[in-house]
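Taken together, the values in this text are just the output of simple stated rules run on the coordinates, not laboratory data. Just so it is clear, the structure is predicted and the values come from calculations on it, not from any experiment. Because the Cβ atoms are built from the backbone with ideal geometry, glycine has one as well, and the counts that use them run over all protein chains shown.
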Amino acid sequence: MNIWIAVFLGGGLGSIARFAVSYFTTSRFTLINPESTLISNFLASLFLGILLYYFHEKELLSTNLKAFLITGFCGGFSTFSTFSYETLELIKNHSYTYGIINILISIALSLVTLYLLSKYIN
């Protein structure tokens, strides 16, 4: 399979997974939904960490499968742009505390997840 097609297909599936998390978290799709973005970004970080620290280190994945899963799926499933937009909207709506908490939890949770996986998966 062509690597470009692998990224394209993985990204599409990741985007569908992202939409599903948002839809089922709120029982509808809304533009401002920081909880579902946090869940998606956490799950994408968890999946990425497992792929990088378990499979990638052991060289069990082909280049195309890495492109499909890591760049495509994880890239489509996680969403920094939505996180940024929702946080800015919270701040613009004077929800400063919630906006700051969203920033701190989102970044810390993703980094801690990857850190713990890097220490304990090998």
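Here is a yes/no grid of residues against (1) outside any helix (DSSP H, G or I); (2) loosely packed, with under 15 Cβ neighbours inside 10 Å; (3) free of Cβ contacts under 8 Å to residues at least 40 places away in the same chain; (4) among the charged types (D, E, K, R):
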position: Trp4; (1), (2), (3), (4): no, yes, yes, no
position: Val7; (1), (2), (3), (4): no, no, no, no
position: Gly10; (1), (2), (3), (4): no, no, no, no
position: Arg18; (1), (2), (3), (4): no, no, no, yes
position: Ser22; (1), (2), (3), (4): no, no, yes, no
position: Phe47; (1), (2), (3), (4): no, no, yes, no
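Is it the case that region 53-67 has a residue that's assigned to a helix (DSSP H, G or I), in contact with a Cys (Cβ under 9 Å, 6 or more places away or on another chain) and not hydrophobic (A, V, I, L, M, F, W, C)?
Restricting attention to region 53-67, the residues satisfying the condition of being assigned to a helix (DSSP H, G or I) are 53-56, 63-67.
Next cut, in contact with a Cys (Cβ under 9 Å, 6 or more places away or on another chain) only: none.
No, region 53-67 contains no residue that is assigned to a helix (DSSP H, G or I), in contact with a Cys (Cβ under 9 Å, 6 or more places away or on another chain) and not hydrophobic (A, V, I, L, M, F, W, C).
Pick from Phe68, Phe80: which is within 13 Å of the chain's Cα centre (by Cα), within 26 Å of Ile16 (Cβ to Cβ) and not polar (S, T, N, Q)?
Result: Phe80 is the single residue among Phe68, Phe80 that is within 13 Å of the chain's Cα centre (by Cα), within 26 Å of Ile16 (Cβ to Cβ) and not polar (S, T, N, Q).
Assuming Asn41 fulfils every condition listed in (1) of a type in the set (S, T, N, Q); (2) closer than 18 Å to Ile105 by Cβ; (3) over 15 Å from the mean Cα position of the chain (by Cα) apart from one, which condition is it?
(3)
Select from region 90-122 the residues that are hydroxyl-bearing (Ser, Thr, Tyr) and either outside any helix (DSSP H, G or I) or within 23 Å of Leu51 (Cβ to Cβ) (or both) and write down the one among them that is nearest to the chain's Cα centre (by Cα).
Start the filter on region 90-122 by keeping residues that are hydroxyl-bearing (Ser, Thr, Tyr), which leaves 95-98, 106, 110, 113, 115, 118, 120.
Cutting the leftovers down to either outside any helix (DSSP H, G or I) or within 23 Å of Leu51 (Cβ to Cβ) (or both) gives us 95, 106, 110, 113, 115, 118, 120.
Details: Ser95: 24, Ser106: 10, Ser110: 9, Thr113: 12, Tyr115: 15, Ser118: 17, Tyr120: 21 Å.
Here the residue is Ser110.
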